[in-house]
Structure formats: structure tokens, C-alpha cells
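**Q** Provided herewith is a single structure, encoded as C-alpha cells, for subsequent inquiry.
The values are calculated or read from the model by the stated rules, or taken from the named source; none is laboratory data. Keep in mind that this is a model prediction, so the values were computed, not measured. Cβ coordinates were reconstructed from backbone atoms using ideal geometry, including for glycine residues, and neighbour counts include every protein chain displayed. Just the protein is used for accessible areas: all its heavy atoms, side chains included, with ligands, DNA and RNA removed. Shrake-Rupley method; radii C 1.70, N 1.55, O 1.52, S 1.80 Å.
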Amino acid sequence: MLLPAVFFILFLVLLFAWLIAEKTTKHKDIINENKKEYMFSMFFPIAFAILGLFGLNEENAADRKGIIKKRKEKQVQQFRILYGEMEYKKHYWLYLADIASGIYITVILSLFLMFVVSFQEAKNASDFKTKMERPEYGRTKTYNVVAEFESKDEVVQKDVELVIEGRLPDEQEAKAIIEAEKEQLLKYMLNSNSDLKSIVGDLRFPARNESKGIDIEWVTSNPVIIGRDGNVANADLESPVEVTITAVLSIGDVYTDTMETTVTVLPGPKGAAAGEANNGETKVSFAERVEMIVAEINEKINADLSDTTVQIPEKVDEDIEISWFTKEKSKLPFIVLIALMFGAVLIYYFNMKNKEKLDEHKDRIKMDFPEMLNKLVLLVGAGTTVSTAMDKIISDYKLGNEKRSLYEELITLNESIYGDKKMSYEEAYEAFAKRCMVPEAIRFAALMIQHEKTGSSNLVSMLKLFSTEAWQERKRIAERRGKMAENKLLVPILLMFLAILIIVLMPITTMMQI
């Protein structure tokens, strides 16, 4: 029971660590502000503590080098696009905390599951009963167990397969079984010979049919030609010889019957071979002795099939004690594998979720571009400068309460040119295009930079053309979203259809008694 105790203690330690972190965290405001956006915000206190152990906090999480540098830079850039220069560091930190929380939950649940499974396995191992009911006739039970053989000087542990045969049938059942066996035995004993009247090769004389519990004893009228083991000695024959074969079939002491048949042995090729074997006695080690004991135990438990109970011996030869334990293939490696797979799926899910957020961000920017361009066309067409028009568009946006990605980027753009950063016009618009990561932003930036450099008078007409194309892109996005909505509705529609089908068919099947 040591392993279950270890898992349970680790489970409690992690659980109490989470509770303590929950009570002592200094980030409750940040957690409450962002709990709707992040899946595992409930475990953020312990996640912040874990990240702190690696020196990661809100300020440096996005700046620290990752295991894969390019991957880390790409992720940070995604968060910079999604949340802007002011917020991206905080949200990248929260993203790491969300992953850490998911892994923490996975570890806690895995430890609890491993505790339950290991406890059950340990309990089963100690619950093996040495006295049990013998199976019904025709059925065999196999137990894969661990046996610990202990003598005065040595201890040997061995995997043992105990095969317990079924009980003996009654007399009527035994008679029917043996009659059926006779027909099969005539075919089986032929071996490679074609029929009983042309025997030229060895016959097969089985001593027992294990599946039916039938013992078979063989007697021949001419043991010189056909031995009791089925070997045929026909090398010296000059002419065919008839031999009577008798098989005595018995099922324990319940029923015994004989089967007699006459075969014709044909002369075979000349020559004979003989071999001798010399057996020498050697000293047997304890491990070898255990092997013999296991074989003896399997014979002993099936020696009397009329006994309805089976007693597995717990002592042999007065000096060897045997302890029996159930052997089961542990499920713990499978649980660990599932936990690792779940962790990998979790990280993949978070990455896909970020990609979806980024795609949604790009779509929102594309959807807002036609409206912004129309406002810019009206203002510039009315005689205002581009910078004044941009200020007006931004100020109107700030009067509203809705946060929109494109206008937030325009605010950052304006601050880059006229704020503390003091970027050049060209640098600011190039940075704007990189942050938005959509073709419309790149084209808009190029148009504004060209106008700033050349002061072209056809800016309004170019913006109008650009606006028309942006409206077409907005329509395409709306159509794509409509199709996605249709696909999402497909599953509930199918479920409703199945429910209606069941409601309609149930009365019909009841009436037709199907």
C-alpha cells in the first residue's frame, strides 16, 4: 500500500498548495477582471506562484527567452497585435498562467486517479483466495498470479499460471461425451495415413483430451508392430498385417468405455533406427525446485475433478511456504500516457484559441475599414487635412463605449506620430501595418506614406476606390460568417430530426410489435 499512499500525499500537497495560494495571492483584481476570458482562472493564484518560481512575472514574461526562440517571438507578436503595446505583456503572462493552471489541474486529477487505481490494484493483489469453487464441466479458469516461495534460506517470487479445470459430469453426460469423442478419435489417430486399411506411418495415440477431461489408454494386439505410443514398425514386414487397437476412454471414475478397431499395416521401407538416452542426476537449485513445485501444484489441483472445491496449497514439503498474490497488468502507465496526451492537447488548444482570436481580430479590422475610409473621404473631400481628419475620426470614436480594434490601432498610430514616441510619419504607418497584419492596413499605410511624400491631389479618388474594395471584402467576411453559422446549426438540427424521428416511429413500432 506504499504506492497509493505516495499518490494520495502528493494529491493532498498540491490541493493544499492551491488553497494556500488562493488565500495569499496579491493578484485578485487581475484575476477578477480577466476570469471570463481565461478558462482556468480559478487556479491562477497557484499558477502565478509556479511562474514566480521560474522568475516570470507580468513585466518580464514576454521578454524572457523561450525554449524555441522563433516560436516565442511569434506568440508575443500575436499578443502585441491582439492587446496593443500597453496590454500585451499582461495578457501574455495570463496566457502562461492559463497553461500552467491547466497542467496543474491535469496533474491533480491524474494523481487522484492513480491513487484510486493503485489502491484497487493493491487490494486485489492481497485478495486472492486459495480456496475457490471449481468451474462447471467444460469450462476452465486461468489465474495469472504471483507466488512467493519462502524457505529457510531463500525467497523466490515467480509469475504462475494456475489452470483450474471444470468438474466432472454425471454418468449420462459422461457417456454422451465419450460417444462423441470416439468418432473424432478415429479420424485423429490416423495422423498422416489415408485410411485404416493402409497404415504406413505412425499413428497418433493421445493420452488425454484436456478440453473434455477424458483420459485415454491404448492397447494393441501386436505391440511389436504398433506400440502403445502409436509408433509403427513396418520396415521388416513382407506382407500386410492386421492389428487390433483398443482405446479405453474414461472420465474420472464416473464412466469408462472402450473403442476397438482393426487396422491394416502395410510393409514399409527397410531399415530401422534406435537411440539411447542416458539420464544423470544433478543437484537441483531452489529456483529449479520452484519450477517443479509449480508443475506439481497444477497437477494436484486438477487431480480430483469430482471435488467441487479447489484448494491452492500454501505449504510444500514442510519447509517451503507459499504466498499468493493476484497479478494484474497495472493501469498506471496508461493513466500517465493519457495525462501527457491531455497536456499536449491542452497546449494545442490554447495555441488554436490564440490563432482564432487573431483571425477574429483581423476580421474586425477588415469590417471597420470601409466605415473609417468613408469618414476619411468625407472629411478630406470637405477640405480638411489628413491629420485633422484622423483626429476627428479618433475623437468621435472615443465618445462611444464600444472598443474596436481598428480605431485602437489608429489611436496608437496618432500617438506614435504626435505623442511621446515621436516616430517619423513613414515609421509610424509601417508599424501600424505590421500590427494590423491585414492587406487593407498595408495598402492604407502605403497610400498615406505616398501622399505624405508626394502630396498627390488624387487622394480622395484613391480612397474612394479603396473604400469600394473594402466594402466588397466586408461582404465576403459576412458571407463566410453566415456559412459558419449554418454549419454550427447543423448538429442541433440533426439532433432535433433524430428526436422527431424517434417520437414518430415509437408508436408505429409498438403497434406493429416490432
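**Q** Only residues that are in a strand (DSSP E or B) and open to solvent by 40 Å² or more (accessible area, probe 1.4 Å): list them for region 203-236, please.
**A** Within region 203-236, Arg208, Asp215, Glu217, Val219 meet the criteria.
**Q** Provide a single number: the residues in region 270-287 that are over 41 Å from the mean Cα position of the chain (by Cα) and at pLDDT 50 or above.
**A** The qualifying residues number 6.
**Q** Further, regarding this structure: In this structure, does Thr388 turn out to be in a helix (DSSP H, G or I), in contact (Cβ under 8 Å) with a residue 12 or more places away in the chain and of a type in the set (Ser, Thr, Tyr)?
**A** Answer is no for this residue.
**Q** For region 237-249, check the following and say yes or no: at least one residue is closer than 30 Å to Lys158 by Cβ and either surrounded by 13 or more Cβ atoms within 10 Å (Cβ to Cβ) or at pLDDT 90 or above (or both).
**A** no
**Q** Here is a list of conditions, (1) under 53 Å from the mean Cα position of the chain (by Cα); (2) closer than 27 Å to Glu479 by Cα, and Leu376 meets all of them except one; can you say which number that is?
**A** Every condition holds for Leu376 apart from (1).
**Q** Would you be able to tell me the number of residues in region 129-179 that are closer than 23 Å to Val290 by Cα, basic (Lys, Arg) and touching a strand residue (DSSP E or B) at 6+ places or on another chain (Cβ under 8 Å)?
**A** Qualifying residue count, region 129-179: 3.
**Q** Within region 396-413, which residues are modelled with pLDDT of 85 or more and over 20 Å from Gln77 (Cα atoms)?
**A** Hits for region 396-413 are Asp396, Tyr397, Lys398, Leu399.
**Q** Among the residues of region 169-180, is there at least one that is of a type in the set (Gly, Ala, Ser) and free of Cβ contacts under 8 Å to residues at least 40 places away in the same chain?
**A** yes
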